[in-house]
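The values are calculated or read from the model by the stated rules, or taken from the named source; none is laboratory data. The model shown is predicted, which means the values in this text are computed figures rather than measured ones. Cβ placement follows ideal geometry from the backbone for every residue including glycine, while neighbour counts extend to all protein chains displayed.
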Amino acid sequence: MTNWTHRTIIVPDAVVVPARLACEALAGAGGSGMYSVPLSPTGELPATHWASSGPIDEEFAELLANPDALVAVASAAGLDSAPLAALVALVAASDISDLALESFDDALARLGLQRCNQEAAA
Amino acid sequence: MGGLDRVFRGRRGGQERPLAAIIAGLWRNGEQGVWYDPSDLSTMFQDATGTLPCYMPGQGQVDPPVGMLLDKRLGFALGPERITNTEFQTLNGWTAVRGASATVSGGAVTVTTANPQDWGSVSTPIATEPGKSYLVKVLMTSGNGQNVQLLVSESAVNHVNITNTGSSRNAVGYYSLVFKATKTVHYVWLGSSTNTASVGVSSWVAPSVREISANYAFQATTTSRPTLSARYNLLTNTSFAGAIAGAPGTAPTGWAFGFATGEITAVTPLGPDFAIQIAASSSRLIFTQQLTAAPNVAYSHWIDVLETTAITAINFIALTAPPSGATMTYWFNGELITSSTVISNPGRLEMRMLVGSTGGSYYVRFGVGCSGNTTGIATIARPDVRVTNDGVGLPPYQRVLDSNTYDTVGFPLYLRFDGVDDFLQTASVDFSGTGVVTMATAYRKLSDAAVGEIFALSGNPTASSGTFGFYTPESANGTAAAVFFARGASSIISGQRLGAAPISCVAGGWVSISMPYMRYRINQGSSLTSSAATGGGNFGNYPLYIGRRSGTSFPFNGRLYSLIIRGTATPDATIAQVERHLNSKARIY
């Protein structure tokens, strides 16, 4: 049985590609396709940050909150020291908040970010 | 009476059939479309591949994500089991193939391969109908680290037109796939994958093959899955658990004393809840909980008054720091009263707050003396706060212990789309055989801040030909319109209906890009029609997106109670019946 929790995860644009790869590597198919919401301080593109928000496995949430556990799991998965260090740095660069305690919009406000404007509906 | 009318009427002189039967009959002739019904738990899985069924929310676990939503259009969500031996008490019906050996024990089959890289497996035949889709799943309970796979082949012993779960997995857990039949018999294989370095040993239980509609919706990304919920009451610990009698005593868990110069004179069980008797003598004792109010929204704050001496309404329910500009009215047993009306008989008391243009956090107060010191004795229980227009005919009280534990009986289930990144999508649905679609959907829009797509055929429905869709709102902070639209060969036909969030709606109608003509309405109000040119043509063969355009923009912030799309014309009277059925589920008007 999967135990779910809810998180908002925001990563800088500079690391969004490795962040997507890391989530897929750690969480499998369920971790694919993350960080699809573009953000910026002005709400205009290009995005400076990217977000995902919603349910995640509690075990995955614990990995994000605990660098030691993350290192242990990634090491067991065969990750070498250099990418391991990059992974830890990646998590450290992410803003991770509990949706039970802070809404997505409140997280954006705290970080001074807005959703990027998208084209108008016809 | 036309042919279409005859399809939807009973055999006894036009007598109307039950609404659910009418819905099921919409696709009796194989019409293209979808029927998503989140009120039916059997149609939903937590994952995208159909292995973990959704559980009922509110029973102590986090509201479950929905990664797979089955289409009920075929008259079922999951068809009958196709594997004859799922118990593995014997090997009957299963054959070890490609040199493998197999044994059964304890309801599991254990497959041992003879050689690496030769797909040693056990296989069993299943009867299938070409063109139909089947969900196949099985649980691998143990392995030896070698890669394994579940696959479906047209052959018992060779890989012929296979569908499989990949060649690089070896973890215990569920393996599942969906395949579209090409023959009347296919074979399910359990065992080794091609990508193995040595002899593989794996054990499997509970194999299953069941027909599903190909038009199921799914979401692979965990964080982008909508959640299944039935939460309406915004409070927590509404049972008043944890309260202890005394002067002042102890406030219920999760509640704070606002003022506590009075006393709790008794705490008594009231079914699964507790009733609190409060005595005040030129004093007061109130409990508070913090809430957040949105601009221009009305909230109802309820309490059961079980016994009372003469105490005014405002001394039972009041607010601390309500949003600027909010106005309050009081109601007792459904009758409008004033805040100073003396409540001297048991009943259900409501304080309704209409928030102005400014929202914000505030505290709701329940107790005796909410507005100031008073004298009297009263017993209260079962507080409830919800948005005033959130449902019609729902139970007046929803017990909420915490965000994961709440009553669901009588409260319609819904899919909650977060307005950030949640969406579902289907594989391509081929509507190319028709230029007409009928739609009906029940939803609740929670925000007008940004464009929200409830559904659309194609990832670019306003630019591609042969598409249709439904947005609400249509524009960010604009008209708050709900727009139903379709695009023919060259241009769009559309219609808008206004309604500011939060608002719950049953929308129903149809559009023909070939005529062209469209008609739709909301909550069975007046119909909106259009004959704008479309360029003609038929609809296309595209994925259906639900909750977010192409999975990248226009995220819908709200709830989806149901969605029906039917790829042909439908009589207006039948659409009205469908609308009534959806409303009977969602209880919107």
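No other residue among A:53, A:75 is in contact with a Lys or Arg (Cβ under 8 Å, 6 or more places away or on another chain) and polar (S, T, N, Q) apart from A:53. Looking across B:136, B:111, B:160, one residue alone is assigned to a loop (DSSP other than H, G, I, E, B) and β-branched (Val, Ile, Thr). It is B:160.
Residue count for region B:335-379, restricted to those that are in a loop (DSSP other than H, G, I, E, B) and more than 30 Å from the chain's Cα centre (by Cα): 15.
Looking across B:413, B:349, one residue alone is crowded, with 17+ Cβ neighbours inside 10 Å, among the aliphatic types (A, V, I, L, M) and closer than 23 Å to residue B:316 by Cα. It is B:349. Residue B:485 meets all of the listed conditions (1) under 20 Å from the mean Cα position of the chain (by Cα); (2) more than 21 Å from residue B:585 (Cβ to Cβ); (3) in a strand (DSSP E or B) but one, namely (1).
Being within 26 Å of residue B:354 (Cα to Cα), within 14 Å of chain A (Cβ to nearest Cβ) and charged (D, E, K, R) is a condition met by at least one residue of region B:409-423. Among the residues of region B:538-564, those identified as over 18 Å from residue B:440 (Cβ atoms), of a type outside the set (Phe, Trp, Tyr) and within 13 Å of chain A (Cβ to nearest Cβ) are B:548, B:549, B:550, B:551, B:552, B:553, B:555, B:557. In this structure, is residue B:103 touching a residue at least 60 places away in the same chain (Cβ under 8 Å), part of a strand (DSSP E or B) and not hydrophobic (A, V, I, L, M, F, W, C)? Spelling it out, it is not the case that residue B:103 is touching a residue at least 60 places away in the same chain (Cβ under 8 Å), part of a strand (DSSP E or B) and not hydrophobic (A, V, I, L, M, F, W, C). Within region B:424-449, which residues are in contact with a strand residue (DSSP E or B) (Cβ under 7 Å, 6 or more places away or on another chain) and either within 24 Å of residue A:103 (Cα to Cα) or within 13 Å of chain A (Cβ to nearest Cβ) (or both)? Across region B:424-449, the qualifying residues are B:424, B:425, B:443, B:444, B:445, B:446, B:447. The set of residues in region B:103-123 being buried (at least 16 other Cβ atoms within 10 Å of the Cβ), within 15 Å of residue B:89 (Cα to Cα) and among the β-branched types (Val, Ile, Thr) consists of B:104, B:109, B:110, B:111, B:122. Only one of these conditions is not met by residue B:527: (1) in contact (Cβ under 8 Å) with a residue 40 or more places away in the chain; (2) in contact with a helix residue (DSSP H, G or I) (Cβ under 9 Å, 6 or more places away or on another chain). Which number is it? It fails just one condition, (1). In region B:282-334, what count of residues is obtained for those that are touching a Pro at 6+ places or on another chain (Cβ under 8 Å), assigned to a strand (DSSP E or B) and among the β-branched types (Val, Ile, Thr)? Adding up the residues that qualify gives 3.
Restricting B:214, B:241, B:206 to those that are away from every other protein chain (no Cβ under 14 Å), in a loop (DSSP other than H, G, I, E, B), out of contact with any helix residue (DSSP H, G or I) (no Cβ under 6 Å at 6 or more places or on another chain) and over 22 Å from residue B:382 (Cα atoms) reduces the list to B:214.
None of B:468, B:539 is in contact (Cβ under 8 Å) with a residue 60 or more places away in the chain, buried (at least 23 other Cβ atoms within 10 Å of the Cβ) and touching a Gly at 6+ places or on another chain (Cβ under 6 Å) except B:539.
Restricting B:48, B:96 to residues that are more than 14 Å from chain A (Cβ to nearest Cβ) and crowded, with 19+ Cβ neighbours inside 10 Å narrows the list to B:96. A single entry from B:349, B:354 fulfils the requirement of being of a type outside the set (Val, Ile, Thr) and within 21 Å of residue B:397 (Cβ to Cβ): B:349. Taken over region B:454-465, the criterion of being under 25 Å from the mean Cα position of the chain (by Cα) and either surrounded by 24 or more Cβ atoms within 10 Å (Cβ to Cβ) or of a type in the set (A, V, I, L, M, F, W, C) (or both) is satisfied by B:454, B:455, B:456, B:457, B:458, B:461. Scan region B:209-229 and tell me whether some residue there is of a type in the set (Gly, Ala, Ser) and at positive phi. No - not one qualifying residue is present in region B:209-229.
Within region B:318-337, being hydroxyl-bearing (Ser, Thr, Tyr) and exposed (fewer than 12 other Cβ atoms within 10 Å of the Cβ) holds for B:324, B:327. The residues in region B:345-364 that are touching a His at 6+ places or on another chain (Cβ under 8 Å) and over 16 Å from residue B:384 (Cβ atoms) can be counted, and the count is 0. Only residues that are more than 18 Å from residue B:556 (Cβ to Cβ), touching a Ser or Thr at 6+ places or on another chain (Cβ under 7 Å), away from chain A (no Cβ under 11 Å) and among the aliphatic types (A, V, I, L, M): list them for region B:461-519, please. Across region B:461-519, the qualifying residues are B:486, B:489, B:493, B:513, B:518.
For the structure I just gave you, tell me whether residue A:118 is within 12 Å of chain B (Cβ to nearest Cβ), more than 15 Å from residue A:11 (Cβ to Cβ) and modelled with pLDDT of 95 or more. So residue A:118 does not fit the description; no.
Residue B:93 satisfies every condition listed in (1) under 20 Å from residue B:218 (Cβ atoms); (2) of a type outside the set (S, T, N, Q); (3) in a loop (DSSP other than H, G, I, E, B) except (1). For residue B:572, the conditions (1) surrounded by fewer than 24 Cβ atoms within 10 Å (Cβ to Cβ); (2) within 27 Å of residue B:419 (Cα to Cα) all hold with the exception of (2). Screening A:8, A:2 for residues that are within 13 Å of the chain's Cα centre (by Cα), polar (S, T, N, Q), outside any helix (DSSP H, G or I) and at the interface with another protein chain (Cβ under 10 Å from one of its Cβ atoms) leaves exactly one candidate, A:8. When region B:17-45 is filtered for residues that are within 14 Å of chain A (Cβ to nearest Cβ) and without any contact (Cβ under 8 Å) to a residue 12 or more places away in the chain, nothing remains.
In region A:11-97, counting only helices (runs of 4 or more DSSP H) that sit wholly within it, the ones holding 1 or more residues that are within 13 Å of chain B (Cβ to nearest Cβ) and touching a strand residue (DSSP E or B) at 6+ places or on another chain (Cβ under 6 Å) span A:16-27, A:58-65.
Could you say whether any residue in region B:72-81 is away from chain A (no Cβ under 14 Å), more than 26 Å from residue B:31 (Cβ to Cβ) and not basic (Lys, Arg)? Yes: region B:72-81 contains one or more residues that are away from chain A (no Cβ under 14 Å), more than 26 Å from residue B:31 (Cβ to Cβ) and not basic (Lys, Arg).
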